[in-house]
Amino acid sequence: KRPLVVHYFDQLVRAIPDGLYLKRLSKKEDVYTMSGVSESNSRVSTLMRNLDESPFFASPNLINVVKESFELTVETVVPADFSNLAD
């Protein structure tokens, strides 16, 4: 399962839209908590949609959004076909 971390970060980078920047990322068990700044709320929505569409993440939850700042959580998932992805 060590390669999972690489896939999580790869998927996270792909999910982040232009104009949105992470300031903090932490993990506790199977949940990532991230906070950052965004040029607009629609970019935060795009991030949440992109995370939800990823096979490695599930259930994005917006905790807080104030002006340009946001905080959200997302659960990590091990895809059923992960052994095929790791090859």
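Results, tabulated for the structure shown:
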| item | result |
| --- | --- |
| In the range 1-31, the residues that are aromatic (Phe, Trp, Tyr) and either modelled with pLDDT of 95 or more or loosely packed, with under 12 Cβ neighbours inside 10 Å (or both) | TYR21 |
| Any pair with Cβ under 6 angstrom, 6 or more apart, that starts in the range 41-58 at a residue that is in a loop (DSSP other than H, G, I, E, B) and ends at one that is surrounded by 15 or more Cβ atoms within 10 Å (Cβ to Cβ) | SER54/GLN11; PHE56/HIS7; PHE56/TYR8; PHE56/GLN11; PHE56/VAL77 |
| Where a residue in the range 20-36 is within 18 Å of VAL65 (Cβ to Cβ) and its partner, wherever it lies, is open to solvent by 100 Å² or more (accessible area, probe 1.4 Å) and modelled with pLDDT of 95 or more, with Cβ under 9 Å and at least six apart | THR33/ARG24; MET34/LYS23; MET34/ARG24; SER35/LYS23; SER35/ARG24; GLY36/TYR21; GLY36/LYS23; GLY36/ARG24 |
| Residues of the range 32-42 classified as open to solvent by 80 Å² or more (accessible area, probe 1.4 Å) and either basic (Lys, Arg) or within 9 Å of the chain's Cα centre (by Cα) (or both), total | 0 |
| Top-ranked residue in the range 43-58 [being under 12 Å from the mean Cα position of the chain (by Cα) and either over 19 Å from PHE9 (Cβ atoms) or charged (D, E, K, R) (or both); ranked as surrounded by the fewest Cβ atoms within 10 Å (Cβ to Cβ)] | GLU53 |
| In the range 59-76, the residues that are open to solvent by less than 70 Å² (accessible area, probe 1.4 Å) and under 9 Å from the mean Cα position of the chain (by Cα) | PRO60, LEU72, THR73, VAL74, THR76 |
| Unmet requirement for LEU62, which otherwise passes all of (1) touching a helix residue (DSSP H, G or I) at 6+ places or on another chain (Cβ under 7 Å); (2) assigned to a helix (DSSP H, G or I); (3) not hydroxyl-bearing (Ser, Thr, Tyr) | (2) |
| Scope the range 13-40; condition under 16 Å from GLU75 (Cβ atoms), assigned to a helix (DSSP H, G or I) and out of contact with any Phe, Trp or Tyr (no Cβ under 8 Å at 6 or more places or on another chain); matching residues | none |
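The values are calculated or read from the model by the stated rules, or taken from the named source; none is laboratory data. Because the structure is predicted, anything quoted here is derived from the model rather than measured. Every residue, glycine among them, receives a Cβ derived from its backbone with ideal geometry; neighbour counts consider all protein chains shown. In case anyone asks, the SASA skips ligands and DNA or RNA and just uses the protein heavy atoms, side chains included. Shrake-Rupley method; radii C 1.70, N 1.55, O 1.52, S 1.80 Å.
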